[in-house]
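Take a look at the structure set out below.
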Amino acid sequence: MRAAVIERHGEPPVAREMPEPVADKAALVEVIAAALNPADLSIASGKFYTGPPPLPYIPGGEGVGRLLQNGTAGPRVFFRASFPNGSLAERAVVSEGQTVAIPDGVSDGLAVALGTPGIAAYLALTRRAQLKAGETVLILAASGVLGGIAVQVARLLGAGRIVAGARDEQGLARSLELGADATVDLKKTEGLTERIREASGGQLNVVIDPLWGVPGVAALEAMSPFGRFVQLGASAGAEAVVKSGVVRGRYLSILGHSNFSLPWEELAAAYRALIDYAAAGKLTVEVEVLPLEAAAEAWKLQATSPHRKLTLLPMVKPAR
């Protein structure tokens, strides 16, 4: 079968022939669309907290495909792949029965885009922040895939006011189309806390933060008493200097979230909620699809934070 293969740590994958995976008691899936996530690049670099994986291996933690039963492809499912037979291949091994059925009305690209970033956005707002109807929420990195989904989910959950923060002007404009009430340009760090307060209308209950660093601190300082700050990543810096009085004096909660910390049952429940929204036409994600042969190109593009979901189609052959 054709697959994208990591042959050296720190280098993009190479599209080449690989042996068919052996499923044993696990399920084998014919991959229709494979998601590319930042975690895939981190793992391949050898810098992920689990350590460098043995080489060679097929990357890709999730995808959309059809379960194979006696060589026959069944209904479409969202699946999590079992290492080292990742989703960036024509066929992959499903990790411990971890699949969710996909309604017919949802496209392959949208279904795969709602995986890792969608689940993180949904659980950050519900499980961690416990967003209540009428509250004000700030979504940092709103121009990214996770941020764009979070803006839409916050609206669906009944947020009273949604503020989108990002560095990209087009991304901020897109956030307004997706349901944000106001935006904050994060390129300008001077007076950022005051600009967040102004955009929030003086009341900020929840912050969803994939950035940390300077933007994260500014958002913390703008929060109202009893606010909940959910930390998802460190795209703006791994360290942040936070004054004790900011957290203690306002009785703030700083809450971490990682999909890797939760059991499949919770992740699957979140995905089902998202896919139901999508089936009802209430969620959208910008997706760019590429053939498997363009895996190296997609890999390099993902490293630039492309603000759209990059999806590889293993069964589609490139035009010649």
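Across all directions, the shadow cast by the convex hull of the stretch 175-232 built on its C-alpha atoms averages 4.0 square nanometres.
Among the trypsin sites (Lys or Arg not before Pro) in the stretch 145-218, those placed in a DSSP loop whose Cβ has at most 13 other Cβ atoms within 10 Å are LYS187, LYS188. The charge dipole of the stretch 12-115, taken about its Cα centre with unit charges on the Cβ atoms of Lys, Arg (+1), Asp and Glu (-1) only, comes to about 160 debye.
Mind telling me which of ALA199, ALA234, ALA270 comes out most flexible in a GNM of the chain, alpha-carbon contacts under 10 Å? Result for the chain, Cα springs under 10 Å: ALA234 fluctuates most.
Each semi-axis of the equivalent ellipsoid for the chain is √(5λ) with λ an eigenvalue of the Cα gyration tensor; in descending order they amount to 36, 20, 17 Å. For the stretch 117-260, with only Lys/Arg (+1) and Asp/Glu (-1) charged at the beta-carbon, what is the dipole magnitude about the Cα centre, in debye rounded to 20? Dipole about the Cα centre, nearest 20: 420 debye. Loop-located trypsin sites (Lys or Arg not before Pro) across the stretch 1-86 with a Cβ neighbour count of 15 or fewer within 10 Å are ARG8, LYS25, LYS47, with loop assigned by DSSP.
A simple charge model with +1 on the Cβ of Lys and Arg, -1 on the Cβ of Asp and Glu and nothing else charged puts the dipole of the chain at about 500 debye relative to its Cα centre. Whole-percent P(r), the stretch 43-133, all Cα pairs, 5 Å bins from 0: 3, 12, 18, 20, 18, 14, 9, 5, 1, 0.
With the largest listed first and rounded to whole Å, the semi-axes of the equivalent ellipsoid of the stretch 138-255 from the Cα gyration tensor are 20, 15, 13.
You can think of it this way: the chain between PHE83 and ALA26 has 19.3 nm of extra reach, that is 0.36 nm per residue less the Cα-Cα gap. With the helix formula -39500 (n - 2.57) applied to DSSP H stretches of n ≥ 4, the chain reaches a computed 222 nm mean residue ellipticity of -8000 deg cm²/dmol. Distance from the alpha carbon centroid of the stretch 32-48 to that of the stretch 145-170 works out to 24 angstrom.
Throughout, read-outs are computed from the coordinates displayed, never taken from laboratory work. As the structure is a computational prediction, the values presented were derived from the model and not from experiment. With ideal geometry, Cβ positions are generated from the backbone for all residues, glycine too; neighbour counts draw on all protein chains shown.
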